[in-house]
Each structure stands twice: as C-alpha cells, then as structure tokens.
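The values are calculated or read from the model by the stated rules, or taken from the named source; none is laboratory data. A quick note: this is a predicted structure, and the numbers were derived from the prediction, not measured. Neighbour counts run over all protein chains shown; Cβ positions are idealised from the backbone, glycine included. Each accessible area value is taken on the protein alone, full model and side chains, heavy atoms only, with ligands, DNA and RNA left out. Shrake-Rupley method; radii C 1.70, N 1.55, O 1.52, S 1.80 Å.
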Amino acid sequence: NYKVENLPDKICNLSKLRYMEAYFSDEYTMHLDGKGLPQIPDIGKLISLQELKKFSVQKQRGYELRQLRDMKELGGLLSITNLENVVGKDEACELNLNQKSHLEGLEFVWSCEKILHGEDICHLEVLEGLMPPPKLKYFALDGYKSASYPRWLLVGSYFEKLNHFVLRNCSALQGLPPREIFGHCSVLVINNVPNLKTLPCLPTGLELFEIKKCPVLMFICSNDLEQNVEKE
C-alpha cells in the first residue's frame, strides 16, 4: 500500500513481469501518493515491463538512466525525474528513447535546487540526447534551465499526434518552440516560466489553456502591436 517504502531487491529477477501496480484501499489514500511505486534497483532487468509511471535517476549503481535502455516494451506515461544526475548527452543517447514506440507520454523533470533564474547548459545537452518517439500524445518539461530548445524540438513536424504540451518551472526560456510542435494540441499549460515574453498564434483546437507565474508576458491586440514595439 502507500506506506511501503522499499521493495525486495530480487524483484528484478522476474524477467517476464509485465505489470506492477500500487494498491490503494480507497480513493483518498490514492491521492496521498505522489511517488508511485518505490524505486526498484536494477529495474532494467525487467525487460518485459509494459508500464513504469516514474523513474528517478540516481548516482548509485542500479538506479542509473541506462536501466531503461533495454525496456523496449514500456508504454503509457513515463516520468523521468532527477535528470540533474545525468552526466551529459552521451549518457542520454544511450537510452535510445526514440525507439520506445509504445510510449504515449513523457515528462522530463530536473529537480536540482539551484538559483531559479540561473541557466544550465548541461540541461540542453541532456535533453538533446533524450529525443522522444514522434508519436507521443503528451509531453512535459519541468525544471528545465536552458534558454534554448534541443534541435529535435525545433523541427515543427517532429511530433505527429501531440495533444498535451506542458512547461513548468523553466526559468530561462523566453518563448515557445515552433507553433507546429503543438499546433494540434487541445491542452497547453505554461506554469512558472518567468522569462517568457511572447507567444505564437495559438492552436484553434485548444480546450484548456493555462498560464501561471509568467510575469513579463504581455497580451496585446494586433492594433497595438506596432505601438508597443516602439515603446519597448
């Protein structure tokens, strides 16, 4: 249940295991759980696992990013957290993430406690190597601290079916990627992107559009656009 903090180390020997879920006695305790299942050392041996909601990268043996390398059957939504523990692009590329075609959603999370407005070029290098599969429906960046997007996110036609696009706690970004990336999205969420200054034309099919903590973002009508630029 949600009070369990550790699982037996030898669970990783169940090489044919496909599903493993947390059990909750009622809906209330389910919402109390923010971590999902406890981390399993050497989880990369579970090559038949078809769902892993969260993986936390750690700087100790058995919890490295490469544990996910051979887990080619993973599907659903996967959140990869603590990406500050990834050394660089080479380690990220080793994951071969773009070949995990069953994945429907990806969330990349950096949780290092540095100055919020600082820029970290390592984030860009890691994200460059974490190129996701093109058929994703959900994509989120959280805690990203580079002012630039990776090359694959600048190719407007990269994502084929993206429906949700989310930016959270991205302190250095000043704009969104090309509109074509999220042109067919029904959900666009931007939360705590303090240097975001401009938005492109938004998709006409949006059903949910949420903006929070973007203090320098200005909304102006087209008639005032030229006058506003002159004031700048």
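Let's test the formula: R0 of 25 Å, r as the Cβ-Cβ distance of SER157 and LYS72. What FRET efficiency results, to the nearest 0.05? The computed FRET efficiency comes out at 0.50. For the cross-link pairs LYS53/LYS161; LYS10/LYS59; LYS16/LYS54; LYS16/LYS72; LYS16/LYS89, the ones whose C-alpha atoms lie over 24 Å apart are LYS16/LYS89. When you restrict to C-alpha pairs under 8 Å that are six or more residues apart and normalise by the size of the range 33-78, the relative contact order lands at 47 percent.
Among 140-150, 70-80, the peptide with the highest mean count of other Cβ atoms within 10 Å heads the list, and the full ranking is 140-150, 70-80. Solvent exposure of GLU51, expressed as accessible area, is near 60 Å², computed with a probe of 1.4 Å over the protein chains only.
Using heavy atoms of the protein chains and a probe of 1.4 Å, the accessible area assigned to ARG168 is about 70 Å². For GLY75, nonlocal amide neighbours, meaning residues 5 or more places apart or on other chains whose placed amide H falls under 5 Å from its own, are GLU51, LEU52.
Computed from backbone phi with θ = phi - 60° and the Karplus coefficients 6.51, -1.76 and 1.60, the 3J(HN,Hα) list for the range 151-166 is 4, 5, 8, 9, 8, x, 9, 5, 7, 9, 9, 4, 10, 10, 10, 9 Hz; x is used for glycine and proline.
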